[in-house]
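Nothing in this text is a laboratory measurement; each read-out follows from the coordinates by a stated rule. It should be emphasised that the depicted structure is a prediction, and the values quoted were computed from it without experimental measurement. Glycine also receives a Cβ, built like all others from the backbone with ideal geometry; neighbour counts cover every protein chain displayed.
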Amino acid sequence: MTLYIVGIGPGSKEYLTQIAIEVVKNSEVVIGSQRAIDLFSNLNETIVFNVKDLQEKLELSVDLAIGGKDICVLSTGDPGFSGILKPILKIAKEKNLNKDNIEVIPGISSLQLAAAKNRISWDNTNIMTFHGRENIKDILKIIDNGSTTISLPSKSVKDMAKFLLDNGVDPKREIGICERLSYDDERILKTTLKDVANNEFSYMCVMIIFK
Ligand SMILES: C[S@@+](CC[C@H](N)C(=O)[O-])C[C@H]1O[C@@H](n2cnc3c(N)ncnc32)[C@H](O)[C@@H]1O
């Protein structure tokens, strides 16, 4: 029995890996958001989760694995970056599922695609995720350390931009917005902090604060 945690990439089929497709196809039960499940065809049993029942369904995935099944849980991007690896490891520990029964299949993170689209070599960048966290102030400590910052915003990029402006960051600071990466309506734009604070964007955004 194995609990596979599979990264599906930023969203479009082109960014699925061959190994992800194989693992998903061979799993007895596949658990994921409807958007994630729709990327695959000819699946065995599927279980859909949404924001409200995510915890419950992740617990179910661990229970099913403990019961002896090969289970696969789908995570957007890479499971280890602001993904479902962390909550699953916590549940597995609580339920005494041995870590050796968990296998992670990496996916292409939205962060990686955002870096690629902006031709950024990201080994020297600040990487920050505010997803599901309230530590937005942490960004102020590093924003002027000489490196570009790539972040997953907390609520919306608009709120994030307003927060930075309120905390004295230059309104002319160059910002990259990478919206709905890999989808047909993908938008990549470079603009100013002030402009971002005055516009609406999808929640599916990576925000780059150039150095
Ligand atoms: C729960 S986090 C998951 C991140 C994911 N594990 C990853 O590696 O990309 C969800 C956030 O990732 C970002 N995101 C995910 N897919 C995206 C996409 N296709 N385009 C832009 N941002 C995306 C957005 O900031 C979104 O709110």
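The loop-placed trypsin sites (Lys or Arg not before Pro) in region 90-192, going by DSSP, that have at most 15 neighbouring Cβ atoms within 10 Å of their Cβ come out as Lys95, Arg119, Arg133, Lys137, Lys155, Lys172. Positive end of the dipole of region 3-105 (Cβ unit charges, origin at the Cα centre): among Leu16, Ser33, Ile91, the Cα lying farthest that way belongs to Ile91. The slack between Thr17 and Glu56, meaning 0.36 nm per residue of separation minus the straight C-alpha distance, is 11.3 nm. For region 110-209, just say rounded, prolate or oblate: build the C-alpha gyration tensor, square-root its eigenvalues into a ≥ b ≥ c, call rounded for a/c under 1.5, and beyond that prolate if a/b exceeds b/c, oblate if not. The shape class here is rounded. For the chain, the C-alpha radius of gyration sits at 1.10 times the compact-globule guess of 2.2 N^0.38 Å, with N the residue count. Of the residues Phe81, Val169, Leu113, the one whose Cα sits farthest toward the positive end of the charge dipole of the chain, with +1 on the Cβ of Lys and Arg and -1 on the Cβ of Asp and Glu, is Val169. Shown in residue order for region 85-93 are the 3J(HN,Hα) couplings computed by the Karplus curve 6.51 cos²θ - 1.76 cosθ + 1.60 at θ = phi - 60°: 4, 4, x, 5, 4, 5, 5, 4, 5 Hz (x for Gly and Pro). Charged side chains reduced to their Cβ positions (Lys and Arg at +1, Asp and Glu at -1) give the chain a dipole of some 600 debye around its Cα centre.
Multiplying each eigenvalue of the alpha-carbon gyration tensor of region 7-53 by 5 and taking the square root yields semi-axes of 17, 14, 8 Å, largest first, rounded to whole angstroms.
Shown is the FRET efficiency for Asp159 and Met1, computed with R0 = 35 Å from the Cβ-Cβ distance and rounded to the nearest 0.05: 0.25. Scalar couplings 3J(HN,Hα) for region 149-158, obtained by applying the Karplus form with A = 6.51, B = -1.76, C = 1.60 to θ = phi - 60°, are 10, 10, 9, 9, x, 6, 9, 9, 5, 4 Hz; x denotes Gly and Pro. If R0 equals 22 Å, the separation of the Cβ atoms of Thr192 and Ile120 corresponds to a calculated FRET efficiency of about 0.75. Structural descriptor for the chain: relative contact order 21 percent, calculated from alpha carbon pairs under 8 angstrom and at least 6 residues apart. Dipole size of region 3-105 about its Cα centre, with +1 on Lys/Arg Cβ and -1 on Asp/Glu Cβ: approximately 240 debye, rounded to the nearest 20. Of the chymotrypsin sites (Phe, Trp or Tyr not before Pro) in region 125-209, the ones in a loop by DSSP (not H, G, I, E or B) with at most 12 other beta carbons within 10 Å are Tyr203. Amide H contacts of Thr129: Leu152, each under 5 Å away and 5 or more positions distant or on a separate chain (H built 1.01 Å from N in the peptide plane; Pro and chain starts excluded).
Quick one: of Lys117/Lys155; Lys13/Lys90; Lys141/Lys162; Lys13/Lys99, which pairs are farther than 25 Å apart, Cα to Cα? Those over the limit are Lys13/Lys90; Lys13/Lys99.
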